[in-house]
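Please read the structure below before turning to the comments.
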Amino acid sequence: MFDLDRWREIFQSMSKNKLRSALSGFTIAFAILLFTLLFGIVGGLKNTFADAFVDDAANSIFVRVWKTSKPYRGLQSGRRVQLKNKDFNYVDEKYDSKIQYLTARIYKNFNVAYKNNQDNYNFRAVHPDHQFLEKTLIEEGRYINQIDIDEASKVIVIGRLVKSDLFGEKPALGKRVNVSGISYKVIGIFSDDGGDNEERQCYIPVTTAQRLYGNNDYISQINIGYNPNLSLDAAVAFGNRLERDLKDKLDIHPDDQNALFVRNMAEANKNVNTFMFVLSFIVIFIGSGTLIAGIIGISNIMIFVIKERTKEFGIRKALGAKPSSIIGMVVQESILITTLAGYAGLSLGTFILAQIGNGLEDYFIKDPSVNTGVVVGATITLIIAGLIAGYVPAKKAARIKPIVALRAD
């Protein structure tokens, strides 16, 4: 394998037959290039879907209400539906075994001031479980707890950027901020993978919002984290049953699609999984076809090469070369060309994907990339194919007697 003279002969043979070597290399490089780009695009689609769900737990269900579009049970259409604490408690009690996390949510917007700094921020009044459904990452302090809920405490958890706006580099934990004329104690600072908008949010206890801003039991939304032990089909069925039961409880027509909206992440995950499975199958099919075409190309070229060099092999055998030496030289040349071309195709493919970057985000392809192991595996497959493609005809040619080989056309 490390015989210097043999490697010198191999490079000499490649330099004398540039077109042949180039055609062999192009077949391999193009196959790996196309394989890399196909899988890179699939990787970009996966990144897009992953980012779409990064801000919320994968097992989330969101329940919102609006106005009815159909009359029902003597009630007119256009009626504004309002969720209340009793609806929250109903969900909690009726579906306890199917729920991992549960929180209400109330939306507000207030001016928040600390000393000479102030700005308007969106508020969410929530229960403690909201932290896990929203994937809130506590950087300092703590999140809202059950005691805060029970006592309707005037406490606030602020986003990282809110802290930066109001406090700069100074500590914020334990300080009091003025929220539209009411003093709140900062008990926590959080970050969120959802981006800047999420990190400019503030959280307060849901009971505090109900008591101070309306003196009622209204809630804007119910967020549920279904039991992660449920299969996707079971989670979808749970979401459908929840929607039917809430429509009945809230006097909403079963066919009214406007008054109650239930967004079940299980449905989205199921659809994404199905889509990605079909797409991956198609890409694997096309990629496999590309590799097969590359293998056939290598085989055809190597058969032609062996036939072209039959006289050369005859001379080598007449001069005392062993069949194993001839076979080894051909196989090494085949492996060398395949390896170099495969690496070139892989490098070019990854370079193109890197240059694309986020340029295809409008087409739902974000940061296309490919699993190196998959492409390296494909390259190794082609190298092995090149080895076989060189070995089989070389072995046959090496068995020919020198006198017969010298007479070959």
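What follows draws every value from the coordinates through simple rules; no lab data is involved. Being a predicted model, the structure only gives us computed values, none of them experimental. Note that each Cβ is placed from the backbone with ideal geometry, even for glycine, and that neighbours are counted across all protein chains shown.
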Simple spin-label estimate for LYS94 and LYS67 in nanometres, 7 Å along Cα-Cβ: 2.6 nm
Convex hull volume per residue for region 101-169, taking Cα atoms only, in Å³: 99 Å³
Region 69-170: relative contact order in percent, alpha carbon pairs under 8 Å with at least 6 residues between: 19 percent
Evaluated at q = 0.12, 0.15 Å⁻¹: base-10 log I(q)/I(0), Debye formula over Cα of region 18-132: -0.78, -0.98
Neighbourhood net charge (14 Å Cβ-Cβ; Lys/Arg +1, Asp/Glu -1) for ALA235: +1
Sparse-neighbour loop sites [trypsin sites (Lys or Arg not before Pro); region 70-100; at most 12 other C-beta within 10 Å; DSSP]: ARG73
Protection proxy ranking of 348-356, 186-194 - average other beta-carbon atoms within 10 Å, highest first: 186-194, 348-356
Once the Cα gyration tensor of region 88-233 is diagonalised, semi-axes √(5λ) in Å: 28, 18, 12
Dmax and Rg, reported as Rg then Dmax, of region 206-298 (C-alpha, Å): 23.0, 79
Proximal lysines to LYS108, defined as alpha-carbon separation beneath 22 angstrom and excluding residues fewer than eight positions away on the same chain: LYS67, LYS84, LYS86, LYS135, LYS154, LYS163, LYS175, LYS185
Integer Hz, Karplus 6.51/-1.76/1.60 couplings in order for region 159-170, x for Gly and Pro: x, 4, 6, 5, 4, 5, 5, 8, 10, x, 8, 6
Cubic angstrom per residue, convex hull over Cα atoms of region 151-285: 202 Å³
Rounded to whole Hz, the Karplus (6.51, -1.76, 1.60) HN-Hα couplings of region 32-41, x for glycine and proline: 5, 4, 5, 4, 5, 5, 4, 6, x, 5
Antiparallel DSSP beta bridges within region 121-194, percent to nearest 5: 60 percent
